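Here the structure is laid out as structure tokens; the discussion comes afterwards.
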Amino acid sequence: MILISIFLIMFSGMGIIFNCSSLFIIPICDELGFSRSLFNFTFTIRSLTIMITTMSTGRVYQRLSIIKLMRVSVIIVFVSFFMMSFAYNIVSFYLLTIILGIAFTYISVVPASIIIQSWFKSDIGLFLGIVFMGSGVGGMVFNVMAGILIERFGWRITLKILAIILGISTIPTTFLFVKLTPAYKRTQPFYRETVIDKNEGEYSPIEVQSIVPVNIAILSILIVLTSFSSYSVMFNIAPYLVGSGFGNVVAASINSISMGALAFFKVLFGKICDSIGSLITTMICIIASIMSLSLLSFTHDLNLMYGVALLTGVAGTFGTVVVPIITLELLGKDNFSKYLGVTTACSNLGVSIVPLLSGFFFDRSTSYVPYFIFALSIACIALLISFFIYYQRNRQS
């Protein structure tokens, strides 16, 4: 039941708030007269707010209950998102976004990862992939819905409808079914016994990785750059397609395909992390970003956008599935709770830069292509850093 509950929160919470947000850029800017960079700063504020709040979650959770915080926060998320449909000036969007970002931190990646760690002691990557798959499935469903609703009723009514769906699906779930541990049912956390080959030692892939710690600063840089490059396509592909003359419905359909791919690959990559480790999985995500950014930079064929959507699904697994596991693997189990807030904050930092820079590039060139080329160079740097960490760890071990 805990898997279904967190899956549903990710389905509505991240599926609506994060994965549909790019569809609202053009209609809001057109109606209210905002520049792209001015309105895109809303998304930067959201990510920065989540980043700053995430860094303090360790201290907050020492004083306050994770579950009680989730219950209060889920109500605040619903109210603040609903109120955005009444905003008429940019300051209102900024203030509501700050409130939304603070509250959203306490119902999303960090508490979900801690709860899964408490409920399951093996196959953690697989179970994280399953629950975070909800954001991809939600994005797939709500992108199509939002695209059609915006075309028919406008962005304000669409925001109200999505907010009501958000509240109905997350508030009862959080209050009734989300528990920190299985202790309330007088059961033990799930653990799957495995047969150990004596020739290979007694450690799982995660435990083997944890033996050789990695520098937190280098890991943080890798996470920032990888999150930036992976989110660059996901955030900008919808306005890029609309600006290219394909319309909201086509853009929403492509976005929906990428969200469906994201949902599928989150489960698959969670299992891959359990099998081959999160560092190699990170390299795969970066390569997918490089391929998708290359297609967007140097081609303009709509048919190729379906390939970009699939590659975006691969790259997008990094922020939610891979970051918690790479924290566990590269920093060790003893440091997991200590540093998860830091690494998640680094991921949000990378995400927060995307709207700011993409809006800056677009306002000066009226095209997203220069930004895609810039993001491509960042992805190449991230790949080099991941190879460096992989080489250093192999040499040390």
Seminar exercise, completed: Selection from the range 166-183 of residues surrounded by fewer than 18 Cβ atoms within 10 Å (Cβ to Cβ), in contact with a helix residue (DSSP H, G or I) (Cβ under 7 Å, 6 or more places away or on another chain), among the aliphatic types (A, V, I, L, M) and over 15 Å from F104 (Cα atoms) yields L180
Problem set entry | Tally of residues being crowded, with 24+ Cβ neighbours inside 10 Å and at pLDDT 85 or above across the range 135-146 | 3
Seminar exercise, completed: Those residues of the range 254-287 which are among the aromatic types (F, W, Y) and surrounded by 21 or more Cβ atoms within 10 Å (Cβ to Cβ) amount to F265, F269
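The values are calculated or read from the model by the stated rules, or taken from the named source; none is laboratory data. Remember, predicted model here, so these are calculated numbers, not experimental data. Every residue, glycine among them, receives a Cβ derived from its backbone with ideal geometry; neighbour counts consider all protein chains shown.
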